[in-house]
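One structure is given below, encoded as structure tokens.
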Amino acid sequence: MKEPLRVGIAGLGTVGASVARLIARNAESLATRAGRPIALTAVCARDRSRDRGLDLAHAAWHDDASALARDPDVDCVVELIGGDEGPARALVEAALSAGKHVVTANKALLAKHGLALARLAEENGVALAFEASAAGGVPVVKTLREALSGNRVSRVSGILNGTCNYILSRMEAEGLSFAACLADAQRLGYAEADPTFDVEGYDAAHKLAILTSLAFGVALDPEAIYVEGISKIAPIDIAMADELGYRIKLLGVAERTKTGIEQRVHPTMVPKTASLAQVMGVLNAVAIDADAVGELSLIGPGAGGDATASAVIGDICDVAVGATRPAFGVPAARLERPQRAPMQRHEGGYYIRLSVFDRPGSAAGIATRMAQADISLESIIQHRARTADVDPTGRSGAPVPVVLITYATTESAIREALARIDADGHVAEPPQVIRIERE
């Protein structure tokens, strides 16, 4: 049998500890699959005294991540520190420059520096592998880069953040507020103490940038992604979606359009009959539309120690067998500069919830502004306020929720109409706008 692949892990948090345990626990089967043993020879973490339930007696300990990259007894560096700069970036650049393979789960680092790191890996003839960076244990990177290499992909969409999916699932199932579900997610460890990165869509956007590059053979362009989170979703929106036959999901979508590649992350009304609508809780899912296979759906755990470690181990095995491919499917020099499709040109249906003053002329004024923007309305749903303080016509004057469902229109038309409605003084608060995915 060949010499062992010597692995060094930087970062012994939940995922790093799981990777170390899997290497030890499945040593025999890994050696069989990889054609050579896989040995953990070095580690790096901030706290040596912490009990992680691991036997690290045979691994060299480095306090400095860059020292791990220079360790002559390490062939493959596993970066699980996190962050798009600092120690993580320094470690990966040092390892690649030293001719060592790199496996990482760091979507933020890849979204910001992936192109440069891919070039560095190619220059030094080593692998830059990152299956765990997008959708955790769901094997979407290999699917796009390798299994679908004979396809032309037209669209990638998915539920890319388990925290958001958990919150929206709980809001629907139990009628709870966003704040209540977020607090529960934090208690259970699904959300960070500062949940902004997850709930405002940035985590999903980093993953989408990676998937877009793999799907369309373009350079990563995270600045082109329109990002909107779920913190403004209210129970009434969840209830209205249910009434209309939809579920609200935070989707990441990348697709070819006539104006370029559109990349967006935002709450979306998904038909209940669609495969993505069936994905509940902390699961992730990715749907891929391609010319040869049609639609392909991948569903599984998007986070968690063992699930993410599974993806990391898969990459380590690829390195062990000598599978060194261009990181994003084609050589970095051949990744095209994507033509951005502005969000203002997005076309589709819209759910619009307005808090409308219950007085004569309001509804007519809103309808007029929609017509002036060339927006056709599929339906209007109004729940009149229940109060004793009404005039003889039955109107209270107080704000009432009015929901508009549009036929296909553009983002710019919606924004123009809503700006005019606000200027007319018909609404009491900013509107809720949720895009609709049609089947």
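The values are calculated or read from the model by the stated rules, or taken from the named source; none is laboratory data. Since the structure is predicted, the reported quantities are computational estimates derived from the model, not experimental observations. So basically every Cβ, Gly included, is an ideal-geometry build from the backbone, and we count neighbours across all protein chains shown.
Worth a mention:
- Positions within region 146-179 being over 23 Å from Ala274 (Cα atoms), assigned to a helix (DSSP H, G or I) and modelled with pLDDT under 95, in sequence order: Glu146, Ala147
- For Val126, the requirement of being outside any helix (DSSP H, G or I) and within 29 Å of Val319 (Cβ to Cβ) is met.
- Test: residue in region 99-106 that is on the phi < 0 side of the Ramachandran plot, of a type in the set (Lys, Arg) and in contact with a strand residue (DSSP E or B) (Cβ under 7 Å, 6 or more places away or on another chain): yes
- The residue of region 253-279 that is nearest to the chain's Cα centre (by Cα), among those that are part of a loop (DSSP other than H, G, I, E, B) and in contact (Cβ under 8 Å) with a residue 12 or more places away in the chain, is Val279.
- Test result for Ala147, touching a helix residue (DSSP H, G or I) at 6+ places or on another chain (Cβ under 9 Å) and not polar (S, T, N, Q): no
- Any hit, region 349-359, residues being assigned to a strand (DSSP E or B), among the β-branched types (Val, Ile, Thr) and modelled with pLDDT under 95: yes
- Search result, residues across region 53-66 that are closer than 14 Å to Ile81 by Cα and outside any loop (DSSP other than H, G, I, E, B): His62, Ala65, Ser66
- Here Ser297 clears all of (1) free of Cβ contacts under 8 Å to residues at least 40 places away in the same chain; (2) surrounded by 14 or more Cβ atoms within 10 Å (Cβ to Cβ); (3) farther than 18 Å from Ala147 by Cβ; (4) not β-branched (Val, Ile, Thr) except the condition numbered (3).
- In the set Ala274, Ala254, Ala205, only one residue is among the aliphatic types (A, V, I, L, M), modelled with pLDDT under 95 and closer than 24 Å to Ser154 by Cα; that residue is Ala274.
- Inter-residue pairs, beta-carbon under 8 Å, first loosely packed, with under 15 Cβ neighbours inside 10 Å and in region 18-47, second of a type in the set (Val, Ile, Thr) and assigned to a helix (DSSP H, G or I), 6+ apart: Asn26/Ile313
- If you go through region 128-165 and keep only what is among the hydroxyl-bearing types (Ser, Thr, Tyr) and closer than 23 Å to Tyr202 by Cβ, you end up with Ser133, Ser157, Thr163.
- Answer residue from region 404-439, given it is surrounded by 20 or more Cβ atoms within 10 Å (Cβ to Cβ) and in contact with a Lys or Arg (Cβ under 6 Å, 6 or more places away or on another chain) and is nearest to Asp289 (Cα to Cα) among those: Ala417
- Considering residues of region 30-52 that are hydroxyl-bearing (Ser, Thr, Tyr) and outside any helix (DSSP H, G or I) only, the residue nearest to Asp315 (Cα to Cα): Thr41
- Selected residue [within 32 Å of the chain's Cα centre (by Cα), within 25 Å of Ala88 (Cβ to Cβ) and modelled with pLDDT of 95 or more] from Leu68, Leu12, Leu54, Leu5: Leu5
- Residue within region 304-327 that is surrounded by fewer than 20 Cβ atoms within 10 Å (Cβ to Cβ), touching a Ser or Thr at 6+ places or on another chain (Cβ under 8 Å) and not in a helix (DSSP H, G or I) present: yes
- Test result for Thr324, β-branched (Val, Ile, Thr) and modelled with pLDDT under 95: yes
- Of the residues making up region 280-293, those that are small (Gly, Ala, Ser), closer than 15 Å to Leu144 by Cβ and either out of contact with any Leu (no Cβ under 9 Å at 6 or more places or on another chain) or not in a loop (DSSP other than H, G, I, E, B) (or both) are Ala285, Ala287, Ala290.
- Filter result for the condition that a residue is outside the structural domain of Asp221 (by TED's automatic domain parsing), at pLDDT 90 or above and exposed (fewer than 14 other Cβ atoms within 10 Å of the Cβ), over Ala367, Ala332, Ala371: Ala371
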